[in-house]
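A short worksheet on the structure shown next.
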Amino acid sequence: MGRRTTDPPITWLMQTALSRPGLISLAAGFTDNPTLPARATRQLLDRLLSRRATAEPALQYGSTAGDPRLRRLTAERLAALEAAAVGQLPAAVRTLCAPGGSPCQPAEPDAARLLMTHGSQQLLYLVAEALCDPGDIVLVEDPTYFVWLGIVQSHGLQCRGVAMEPDGLSLPHLAQVLDELRQAGQLPRVKLLYTVSYHQNPSGITTAFHKKAAILELLRDCERRAGHPIYILEDAAYRELRFSGPDEPSYLALPGAADRVIHSSTFSKPFATGIRVGWGLLPAVLYQAAVRLKGNHDFGTACLLQHLLAEALASGEYERHLAGLRRRYARKAQILAGAMREHLPDSLSWQDPAGGLYIWAKLPGKTRTGLRSPLFQAALDHGLLYVPGELCYAPDPARQRPANELGLSFGNATEPDLREGIRRLGQAWRGLKTK
Ligand SMILES: Cc1ncc(COP(=O)(O)O)c(C=O)c1O
């Protein structure tokens, strides 16, 4: 496993950013520094540690599955999100999504199947570890979260990429990929579909609920030939960072989802990335396996941090913080998109984000964006780092990676740096054209 695992591209991108003072990085998924909740965290910790009754359990080992209070509060929060999202679905979509006629229902997440992890990254890792053997196949979105591709590589898994549309996976392409796998006799190796279904990293795309229903059904149709369940790993890391448009229900609202859907999310993005607490709601059969594996990893996520988050949720501090964060990212997204309109050629296309931290841009056909491309080098020379789009495509022999896309994040850069970074990118691009 050690030999299979190479440095993730993020390491190189971060080293590059650090080694060039003055470089503006719109590449990393870091969050906004000035909004990190320093004062609220100090007050919450103070409250927690000022009485022995609350300090002792926070400073002691806990259980592998996580702090019961945080698990309960997390399940309640998810239930509330789901109820609101299902409540605003048009009636036609509610019934359309229910094969056999029974309308979909808001999920009632069971805290007994909720596992707290060290960042949601650990949950993603545990799922791969629990489910997959080397040579197994995972279906991924094109493009996808490139750190997931590191997990895939470590475990010796193969990927099949499925094209994305502005409202989520392309259903005809998913059907085609599944059909090709069936014809090649490879369905028994397909273990799961990994999807970042809200404000996706890197594309910003949110999957429409009616598509989720169709995707679950397509996968179920393949299970007899696969000989086992095919799971959906729904990564909802950015769900709470929505700043416009309605929230979509998760896969959990679909009939039959409880034993097919692994739902993961995190407190990193909506509260503080440094706290590194994430969680997953798993089907019962996978839950025990994941808890045992987590026992091998670390026998439990840091209690102090879990108790801190439970306090943040129970006191309303979390919700208050999140409301401010949403306003902040809405503004930063607008600034980034505005700078792109001002400084970059009209031939560039992208979808304005409704949440999350990212804008994904497509350049005209022949303009390359990769690590060795003239544009990437020129952007570096002008002091700007972006994510070359090809890094976000899984290795898949069935298709070529598009080489003319790039990822930009408005998470960490300051407002002036967002404007200046895009001005530099525009300069770099125009410089190429005049050469
Ligand atoms: C799509 C996605 N999933 C999961 C994670 C992991 O985040 P964390 O481990 O902080 O919860 C990230 C982090 O950037 C992400 O972008």
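Determine, yes or no, whether H343 is in contact with a Leu (Cβ under 8 Å, 6 or more places away or on another chain) and surrounded by fewer than 18 Cβ atoms within 10 Å (Cβ to Cβ).
no
Sort out which residues of segment 180-203 are of a type in the set (G, A, S) and in a strand (DSSP E or B), and write them in order of number.
none
Could you please find all residues in segment 273-288 being of a type outside the set (A, V, I, L, M) and either outside the structural domain of E76 (by TED's automatic domain parsing) or within 16 Å of the ligand (Cβ to nearest atom) (or both)?
At the first step, the residues of segment 273-288 found to be of a type outside the set (A, V, I, L, M) are 273-274, 276, 278-280, 283, 287-288.
T273, G274, R276, G278, W279, G280 - these are the residues of segment 273-288 that are of a type outside the set (A, V, I, L, M) and either outside the structural domain of E76 (by TED's automatic domain parsing) or within 16 Å of the ligand (Cβ to nearest atom) (or both).
Give H307, H263 a once-over and let me know the one that is of a type outside the set (S, T, Y), farther than 23 Å from E129 by Cβ, at pLDDT 95 or above and crowded, with 19+ Cβ neighbours inside 10 Å.
Of H307, H263, the one residue that is of a type outside the set (S, T, Y), farther than 23 Å from E129 by Cβ, at pLDDT 95 or above and crowded, with 19+ Cβ neighbours inside 10 Å is H307.
For (1) in contact with a Cys (Cβ under 8 Å, 6 or more places away or on another chain); (2) surrounded by fewer than 17 Cβ atoms within 10 Å (Cβ to Cβ); (3) not assigned by TED's automatic domain parsing to the domain that holds A361, each residue gets a yes or a no:
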{"position": "V162", "(1), (2), (3)": "no, no, yes"}
{"position": "D167", "(1), (2), (3)": "no, yes, yes"}
{"position": "P172", "(1), (2), (3)": "no, yes, yes"}
{"position": "D179", "(1), (2), (3)": "no, yes, yes"}
{"position": "P202", "(1), (2), (3)": "yes, no, yes"}
{"position": "R220", "(1), (2), (3)": "no, yes, yes"}
{"position": "Y231", "(1), (2), (3)": "no, no, yes"}
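Could you check, for segment 90-104, whether at least one of its residues is within 16 Å of the ligand (Cβ to nearest atom), within 23 Å of F209 (Cα to Cα), surrounded by 22 or more Cβ atoms within 10 Å (Cβ to Cβ) and touching a residue at least 60 places away in the same chain (Cβ under 8 Å)?
The answer is no, given that none of the residues of segment 90-104 is within 16 Å of the ligand (Cβ to nearest atom), within 23 Å of F209 (Cα to Cα), surrounded by 22 or more Cβ atoms within 10 Å (Cβ to Cβ) and touching a residue at least 60 places away in the same chain (Cβ under 8 Å).
May I ask you to list pairs of residues, at least six apart or on different chains, whose Cβ atoms are under 6 Å apart, with the first in segment 376-391 being in contact (Cβ under 8 Å) with a residue 40 or more places away in the chain and the second being charged (D, E, K, R) and not in a strand (DSSP E or B)?
If the second residue must be charged (D, E, K, R) and not in a strand (DSSP E or B), the pairs left are H382/R424; G383/R424; L384/R424.
Which ones in segment 289-302 are within 24 Å of the chain's Cα centre (by Cα) and either not assigned by TED's automatic domain parsing to the domain that holds D67 or not β-branched (V, I, T) (or both)? Step through it out loud before you land on a result.
Taking segment 289-302 and keeping what is within 24 Å of the chain's Cα centre (by Cα), we get 289-291, 293-294, 297-298, 300-302.
Selection gives A289, A290, L293, K294, H297, D298, G300, A302.
Tell me the residue from G227, G185 that is closer than 19 Å to L131 by Cβ and not polar (S, T, N, Q), please.
G227 is the lone residue from the list that is closer than 19 Å to L131 by Cβ and not polar (S, T, N, Q).
When you scan segment 110-123, do you find a residue that is in contact (Cβ under 8 Å) with a residue 60 or more places away in the chain, part of a loop (DSSP other than H, G, I, E, B) and within 16 Å of the ligand (Cβ to nearest atom), even just one?
Among the residues of segment 110-123, not one is in contact (Cβ under 8 Å) with a residue 60 or more places away in the chain, part of a loop (DSSP other than H, G, I, E, B) and within 16 Å of the ligand (Cβ to nearest atom), which makes the answer no.
The values are calculated or read from the model by the stated rules, or taken from the named source; none is laboratory data. Treat the numbers as computed from the prediction; the structure is a model and nothing was measured. So basically every Cβ, Gly included, is an ideal-geometry build from the backbone, and we count neighbours across all protein chains shown.
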